[in-house]
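*Asks:* Let me give you the structure first, and then I'll get to my questions.
The values are calculated or read from the model by the stated rules, or taken from the named source; none is laboratory data. Everything numeric in this text was worked out from a predicted model, so none of it was measured. Cβ sites come from the backbone with ideal geometry, for glycine too, and all protein chains shown count toward neighbours.
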Number of protein chains: 2
Amino acid sequence: MINKLMNKIQKTNAPIVVGLDPMLSYVPSHIQQKAFAEYGETLEGAAEAIWQFNKEIIDKTYDLIPAVKPQIAMYEQFGIEGLKAYQKTVDYCKSKDLVVIGDIKRGDIGSTSAAYAVGHLGKVQVGSKSYAGFDEDFATVNPYLGSDGVKPFVDVCKEEKKGLFILVKTSNPSSGEFQDQLVDGRPLYELVGEKVAQWGEEHMGDSYSYIGAVVGATYPEQGKVLRKIMPKAFILVPGYGAQGGKGKDLVHFFHKDGLGAIVNSSRGIIAAYKQEAYAKFGEENFGDASRAAVEAMIADIRSALAGN
Amino acid sequence: MINKLMNKIQKTNAPIVVGLDPMLSYVPSHIQQKAFAEYGETLEGAAEAIWQFNKEIIDKTYDLIPAVKPQIAMYEQFGIEGLKAYQKTVDYCKSKDLVVIGDIKRGDIGSTSAAYAVGHLGKVQVGSKSYAGFDEDFATVNPYLGSDGVKPFVDVCKEEKKGLFILVKTSNPSSGEFQDQLVDGRPLYELVGEKVAQWGEEHMGDSYSYIGAVVGATYPEQGKVLRKIMPKAFILVPGYGAQGGKGKDLVHFFHKDGLGAIVNSSRGIIAAYKQEAYAKFGEENFGDASRAAVEAMIADIRSALAGN
């Protein structure tokens, strides 16, 4: 799957991922109204609204991009009905040949991590049969519990040729509270980065490992160091756009050949129609606004990488 | 809710929680066969089997215990159908007046943590209405992303009078890989413990905070230190029984008055019928075996606390 991700990035010449993190407030009123007319102001209605919203954005952008990253929390907030919309979104993106990174940030001890891994990346045995639950291509994983929390994910990935992005240095303002604490003079995130490199050796694709890392665009200096510590890890970079990361900050996350990282934007793309720059499209044509925002993001990153 | 948990612990004189973490392999064959006869060897069949398994264990133990802790991963592995069984289990336990600790170990940045908090502990707005998604009483939270990942959970808890248990020192063998790293000569888990105490000040119950901590029974010495660092935090202690923690190890997690902690056992209770000590009950009567295992666990902990 890491090879597929690489190929798709090279084919689209776009190292970006669209974060499908729909808040109900992002969904234009005509879509909400239609969903509520059919299902009422219910969890089912909300789920239908975010699914229709996603579908339009996918239809308008899938040919430009290699991958999507649905954030499961935004679906889970609507309970079972929301999670059905998550599953529909994953399946639909895969039918469009997009690589799907499930932003699930799970992590637990041994057998429990194994259950998450099976549910999201593998197959669960039921009597004589086996089934894939959510079936994403990649998943994000929280490393706080250490190796025996991460290993079960790696094992399932090996079997299924799928991959992980492990949280190393997250994009949020207080990520430093624990991640930046100095251990023998070096921040904790560097230790986690070393572990990611080590876990990744066990499961290599052609040029990159199946085990990647999450490093926030909002911390470019740390990205520079981590790029060196984890030379074979693909870096998933959140925090571009709405969170403040800019194209020029991103060059450090890439290798000199312009590969090795993929940059996520969520709000900046899916709610583009709400920004002044894209207001001309109007709420009805929110999908076209998203497409224009994707094109602008690709241009920004290409130009930053060209100037590197 | 922390007051309710306290009251229930005092009423039952049993500071224990039963971990409802069903593996399909724990479910006796007569239950599996019945579920598969109705739904086939499908995800729905698996979900029905674990739900019927849970129900019997709850029916046979609810009068002895204050709380349950369903581990969502064990349900999530069966996709949407499994999560429906999780929801049914949560609802059923609440109908039996048990305090429900959702072992979800979620954690993300600001708005995403808010979505998890709303989905598990609060209510989500849909048009003019609001709905509870999973509606547990407490949830476990991963602190790796720092304060701005935890605060949204605290905010929802304040509104809903619900609570959290934050991972401080987990019970698994490799928990020390990051959690034990020394920061200025002190292990990281102590820093996390200090933050838990600080976050907890914002949301106090009568004698304990709504913001508790997870500290593994397998690390009693660390428990002793953390008990002092977080005097007002209730400590949820996993790792008793199957993972190796014993009654005598547990005294350090409690205050001198025998309060302030709640000990979890999962496999040791729900799969008790598979142990030699309870084999006499037979597979058919697995619920009675679980009841006997609960009684033995309560006796073990009472005797350890009495000798303290």
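*Asks:* Quick one: which residue in B:Ala139, B:Ala73 is within 22 Å of A:Ser113 (Cβ to Cβ), touching a Ser or Thr at 6+ places or on another chain (Cβ under 7 Å), modelled with pLDDT of 95 or more and not polar (S, T, N, Q)?
*Replies:* Only one candidate passes the filter, namely B:Ala73.
*Asks:* Oh, and also: So if I check each of B:Lys60, B:Lys94, B:Lys55, which one is surrounded by fewer than 22 Cβ atoms within 10 Å (Cβ to Cβ), outside any strand (DSSP E or B) and more than 18 Å from the chain's Cα centre (by Cα)?
*Replies:* Result: B:Lys60 is the single residue among B:Lys60, B:Lys94, B:Lys55 that is surrounded by fewer than 22 Cβ atoms within 10 Å (Cβ to Cβ), outside any strand (DSSP E or B) and more than 18 Å from the chain's Cα centre (by Cα).
*Asks:* Mind checking which residues of the stretch B:168-183 are part of a helix (DSSP H, G or I) and of a type outside the set (Phe, Trp, Tyr)?
*Replies:* Listed by number, the residues that qualify are B:Pro173, B:Ser174, B:Ser175, B:Gly176, B:Glu177, B:Gln179.
*Asks:* Next up: So for the stretch A:7-27 (the condition being of a type in the set (Lys, Arg), part of a helix (DSSP H, G or I), within 17 Å of A:Ser266 (Cβ to Cβ) and over 17 Å from the mean Cα position of the chain (by Cα)), does at least one residue qualify?
*Replies:* no
*Asks:* Can you tell me which of (1) closer than 24 Å to A:Gln10 by Cβ; (2) buried (at least 20 other Cβ atoms within 10 Å of the Cβ); (3) of a type in the set (A, V, I, L, M, F, W, C) is the one A:Ile270 doesn't meet?
*Replies:* (1)
*Asks:* Let me ask something else about it. Would a scan of the stretch A:72-90 turn up a residue that is within 21 Å of A:Asp137 (Cβ to Cβ) and assigned to a loop (DSSP other than H, G, I, E, B)?
*Replies:* Within the stretch A:72-90 (the criterion being within 21 Å of A:Asp137 (Cβ to Cβ) and assigned to a loop (DSSP other than H, G, I, E, B)), the answer is yes, since at least one residue qualifies.
Residue-wise test of (1) surrounded by fewer than 23 Cβ atoms within 10 Å (Cβ to Cβ); (2) touching a Phe, Trp or Tyr at 6+ places or on another chain (Cβ under 7 Å); (3) farther than 22 Å from B:Asp300 by Cα.
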| residue | (1), (2), (3) |
| --- | --- |
| B:Lys11 | yes, no, no |
| B:Ala14 | yes, no, no |
| B:Val17 | no, no, no |
| B:Leu20 | no, no, no |
| B:His30 | yes, no, yes |
| B:Ala37 | yes, no, yes |
| B:Thr42 | yes, no, yes |
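*Asks:* Give the number of residues within the stretch A:1-58 that are closer than 30 Å to A:Leu164 by Cβ, free of Cβ contacts under 8 Å to residues at least 40 places away in the same chain, aliphatic (A, V, I, L, M) and in contact with a Lys or Arg (Cβ under 9 Å, 6 or more places away or on another chain).
*Replies:* 1
*Asks:* Condition first: under 15 Å from B:Phe138 (Cα atoms), at the interface with chain A (Cβ under 7 Å from one of its Cβ atoms) and either touching a Pro at 6+ places or on another chain (Cβ under 7 Å) or surrounded by fewer than 20 Cβ atoms within 10 Å (Cβ to Cβ) (or both). Now tell me which residues in the stretch B:106-122 satisfy that.
*Replies:* Within the stretch B:106-122, B:Gly107 is the sole residue that qualifies.
*Asks:* Here is a follow-up. Does B:Pro28 fit the bill of being more than 21 Å from B:Ile104 (Cα to Cα) and at pLDDT 95 or above?
*Replies:* It is true that B:Pro28 is more than 21 Å from B:Ile104 (Cα to Cα) and at pLDDT 95 or above.
*Asks:* Scanning the stretch A:1-38 for residues that are aliphatic (A, V, I, L, M) and touching a Gly at 6+ places or on another chain (Cβ under 6 Å), which turns out nearest to A:Asp257 (Cα to Cα)?
*Replies:* Per the stated criteria, the residue is A:Ile2.
*Asks:* Ok, one more. Of the conditions (1) in contact with a Gly (Cβ under 8 Å, 6 or more places away or on another chain); (2) surrounded by 24 or more Cβ atoms within 10 Å (Cβ to Cβ), A:Val214 satisfies every one except a single condition; which number is it?
*Replies:* (1)
*Asks:* Now, a different point. Would you pick out the residues in the stretch A:79-105 that are over 18 Å from A:Gly212 (Cβ atoms) and either of a type in the set (Gly, Ala, Ser) or facing chain B (nearest Cβ under 7 Å) (or both)?
*Replies:* Correct list: A:Gly79, A:Ile80, A:Gly82, A:Leu83, A:Lys84, A:Ala85, A:Gln87, A:Ser95.
*Asks:* Separate question: Filter the stretch A:123-152 down to the residues that are in a loop (DSSP other than H, G, I, E, B) and at the interface with chain B (Cβ under 9 Å from one of its Cβ atoms) and list them by number.
*Replies:* Across the stretch A:123-152, the qualifying residues are A:Gly127, A:Ser128, A:Ala132, A:Gly133, A:Phe134, A:Asp135, A:Asn142, A:Pro143, A:Tyr144, A:Leu145, A:Gly146.
*Asks:* Could you give me the residue pairs with C-beta distances under 9 Å whose first residue belongs to the stretch B:168-184 and is more than 7 Å from chain A (Cβ to nearest Cβ) and more than 16 Å from A:Pro152 (Cβ to Cβ), whose second residue is surrounded by fewer than 18 Cβ atoms within 10 Å (Cβ to Cβ) and among the small types (Gly, Ala, Ser) wherever it lies, and which are 6+ apart or on separate chains?
*Replies:* Close Cβ pairs (under 9 Å, with a partner that is surrounded by fewer than 18 Cβ atoms within 10 Å (Cβ to Cβ) and among the small types (Gly, Ala, Ser)) amount to B:Lys169/B:Gly176.
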